[in-house]
Amino acid sequence: MHQFWLIRHALVHRDSLAFLYGTNDVPVCAETMAAQWSAYSALAARLPRPARVVCTPLSRTQLTADALVRAGYPDHDRLIDPAFIEQDFGDWQGVPISRFEERSHDERHPFWPIHAAETPPGGESFAHLIQRVGAGLEALCKTAQGHNTIIVSHGGAIRAACAHAMGLTPHQALCLQIDNISLTRLEHGPHGWRVLSVNEHSSTPPCQPPAAPPFAVTRHQEATPNEGVLS
């Protein structure tokens, strides 16, 4: 069995959020990263040790991995793998998101700027992204020397990884919510792929057993009228 721990990178700077940035190397939001320090610490503690760590060529994934190291995860060499980079929007990269919001319902996906089957000029479709990410996952399975691989990647690529594991259509995969610094876990074994979790947040406390019911109040402990009553 081999488990993949996929982390979406830190939130990018607000100046880039208004544009379709895709594979552009945009900066992260340092203020948000600092404010979410407890989430990074919780995620660093949640991740397996030892594990192979993979980032994409874009700085936002590598800076996220750096933040996890500062939060307590062991630092070691990382594999830079372009297979897990975000969807390439070609000539549309840098175009304001508002331009795509003007499209009709039939011209775009409800949760993605363009249609799931659409290929931007000079770019790639989401279906191609699924093929690229899927090939990357299969290649990592073949070269795995341990039981765990951490991949710091992008929202679209993580959706594509889920599509590869579950056989989802591009439209279905784009309906998955993948938040910044969230964790999605996949597993590959003799019987194939399965999804262990999607969009997991380390700030969410683990499920705890229910507390024991309070002891019954004996008669001599009962409150007198109006004593200890909150209105």
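The values are calculated or read from the model by the stated rules, or taken from the named source; none is laboratory data. Values in this document were obtained by computation on a predicted structure and should not be read as measured data. Glycine gets a Cβ as well: all are built from the backbone with ideal geometry, and neighbour counts include every protein chain shown.
Descriptive notes on the structure:
- Within the range 1-25, if we keep just the residues that are among the β-branched types (Val, Ile, Thr) and touching a residue at least 60 places away in the same chain (Cβ under 8 Å), the residue that is nearest to residue 112 (Cα to Cα) turns out to be 23.
- Among the residues of the range 26-59, just one is of a type in the set (D, E, K, R), more than 23 Å from residue 131 (Cα to Cα) and touching a residue at least 60 places away in the same chain (Cβ under 8 Å), namely 46.
- Filter result for residue 15 (surrounded by fewer than 17 Cβ atoms within 10 Å (Cβ to Cβ) and assigned to a loop (DSSP other than H, G, I, E, B)): no
- Of all residues making up the range 70-111, the number that are among the hydrophobic types (A, V, I, L, M, F, W, C) and either in a strand (DSSP E or B) or over 23 Å from residue 6 (Cβ atoms) (or both): 6
- Boolean, residue 114 is touching a helix residue (DSSP H, G or I) at 6+ places or on another chain (Cβ under 7 Å), within 21 Å of residue 7 (Cβ to Cβ) and not in a strand (DSSP E or B): no
- Pairs linking a residue in the range 181-201 that is assigned to a loop (DSSP other than H, G, I, E, B) to a residue that is acidic (Asp, Glu), with Cβ atoms under 8 Å and 6 or more positions apart or on different chains, are 182/200; 201/179.
- Within the span defined as the range 100-110, every residue fails to be in contact (Cβ under 8 Å) with a residue 12 or more places away in the chain and among the small types (Gly, Ala, Ser).
Results for (1) surrounded by 13 or more Cβ atoms within 10 Å (Cβ to Cβ); (2) within 21 Å of residue 184 (Cβ to Cβ); (3) modelled with pLDDT under 95; (4) touching a helix residue (DSSP H, G or I) at 6+ places or on another chain (Cβ under 9 Å), shown as yes or no for each residue.
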residue: 25; (1), (2), (3), (4): no, no, no, yes
residue: 42; (1), (2), (3), (4): yes, yes, no, no
residue: 71; (1), (2), (3), (4): yes, yes, no, yes
residue: 85; (1), (2), (3), (4): yes, yes, no, yes
residue: 109; (1), (2), (3), (4): yes, yes, yes, yes
